[in-house]
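The values are calculated or read from the model by the stated rules, or taken from the named source; none is laboratory data. Worth saying up front: this structure is predicted, and the values here are computed from it rather than measured. Glycine also receives a Cβ, built like all others from the backbone with ideal geometry; neighbour counts cover every protein chain displayed.
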């Protein structure tokens with residue numbers, strides 16, 4: 001009988017710990033970004049290295065203070081891919097990071113596939129927005145755009 005109680009205690013403890021870890025990863029630290037706030041302003045770096053505000057509409061975003069890699073943003077831009085390509089710095093090796101499942105506008109797997117096939121193009125938003133972390137913007141021909149933060153080459157060394 002004691003063995004069943006010990007095993008049951010271990011199973012219950014594991015279930016509680018698993019639920020707590022899931023909650024902490026998906027909900028606890030994330031917060032919605034207010035669309036009209038300074039935090040929702042997306043900058044983009046031109047070919048001369050100057051940052052300027054990007055024209056955006058309908059911004060939705062999440063962020064967390066627990067990690068600089070938790071920023072995600074979804075929005076539309078009226079800027080064409082031709083204009084963006086001629087004016088702004090492309091980003092080599094963009095790697096969208098998976099966000100919380102409840103933030104449904106950001107599909108990292110789909111964005112990553114579209115960047116690989118050339119359906120979307122990636123641009124540098126801000127280099128070293130945090131030490132070792134860049135903000136990247138991916139834009140589609142129809143104006144859909146997504147922003148995230150990823151480790152840069154200085155953090156990977």
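Values computed for the structure shown
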| read-out | value |
| --- | --- |
| Given (1) surrounded by 11 or more Cβ atoms within 10 Å (Cβ to Cβ); (2) outside any strand (DSSP E or B), number of the condition residue 14 does not satisfy | (1) |
| Qualifying residue in the stretch 63-73 (condition: assigned to a strand (DSSP E or B) and modelled with pLDDT under 95) | yes |
| Extreme residue, nearest to the chain's Cα centre (by Cα), among residues of the stretch 127-145 that are in a strand (DSSP E or B) and over 16 Å from residue 85 (Cα atoms) | 135 |
| Selection status of residue 108, closer than 19 Å to residue 33 by Cα, under 11 Å from the mean Cα position of the chain (by Cα) and not assigned by TED's automatic domain parsing to the domain that holds residue 22 | yes |
| Members of the stretch 17-30 that are assigned to a helix (DSSP H, G or I) and either in contact with a strand residue (DSSP E or B) (Cβ under 7 Å, 6 or more places away or on another chain) or modelled with pLDDT of 85 or more (or both) | 17, 18 |
| Condition check for residue 5: farther than 19 Å from residue 104 by Cα, outside the structural domain of residue 134 (by TED's automatic domain parsing) and free of Cβ contacts under 8 Å to residues at least 60 places away in the same chain | yes |
| Any hit, the stretch 114-121, residues being assigned to a helix (DSSP H, G or I), over 17 Å from residue 44 (Cα atoms), over 11 Å from the mean Cα position of the chain (by Cα) and touching a residue at least 12 places away in the same chain (Cβ under 8 Å) | yes |
| Hits in the stretch 97-123 - residues which are loosely packed, with under 14 Cβ neighbours inside 10 Å and either touching a strand residue (DSSP E or B) at 6+ places or on another chain (Cβ under 6 Å) or within 17 Å of residue 134 (Cβ to Cβ) (or both) | none |
| Qualifying residues in the stretch 64-96 (those that are within 24 Å of residue 22 (Cα to Cα) and either in contact with a helix residue (DSSP H, G or I) (Cβ under 6 Å, 6 or more places away or on another chain) or not assigned by TED's automatic domain parsing to the domain that holds residue 147 (or both)) - the one surrounded by the fewest Cβ atoms within 10 Å (Cβ to Cβ) | 64 |
| Tally of residues being assigned to a loop (DSSP other than H, G, I, E, B) and either within 16 Å of the chain's Cα centre (by Cα) or surrounded by fewer than 17 Cβ atoms within 10 Å (Cβ to Cβ) (or both) across the stretch 31-55 | 12 |
